[in-house]
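Derivation of every value follows stated rules applied to the coordinates shown; laboratory data play no part. This one's a predicted model, so the numbers in the text were calculated from it and none came from an experiment. Cβ atoms come from the backbone with ideal geometry, glycine included; neighbour counts cover every protein chain shown.
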Amino acid sequence: MPARPMQPQRLPLLRALVLALCAVLALGACASADSGRPGASDPTTVTSTINLSGFPAEFRRGFSDGCAAARTASAVARPRVDGQYAAGWNDGFDYCKPREAK
């Protein structure tokens, strides 16, 4: 049995419904308050919020310190040493620094 064409009076209503749904989805995505970075707003609990269990203790300590440094209002100097602590510090700092609004 051939498909019956949609009645002409329903097309504008369907089109309006689809456009309204798209608008709601687009605005909902923009209004999200979540940064997508669990624990980034609270440096004291960031290491328990994200999984760093596969990393060495020095990396985890550096990550936590870097996250805390990112949340301070003053300028901070990055560690001048290489190694796990510095890598963790840089990752923590980048993860927790406040993002600029677009």
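Listed values, structure above:
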item: Distance between modelled label sites at Glu100 and Ser48, nm, 7 Å Cα→Cβ extension; result: 3.5 nm
item: Protection proxy ranking, peptides 57-68, 77-88, average beta carbon neighbours within 10 Å, highest first; result: 57-68, 77-88
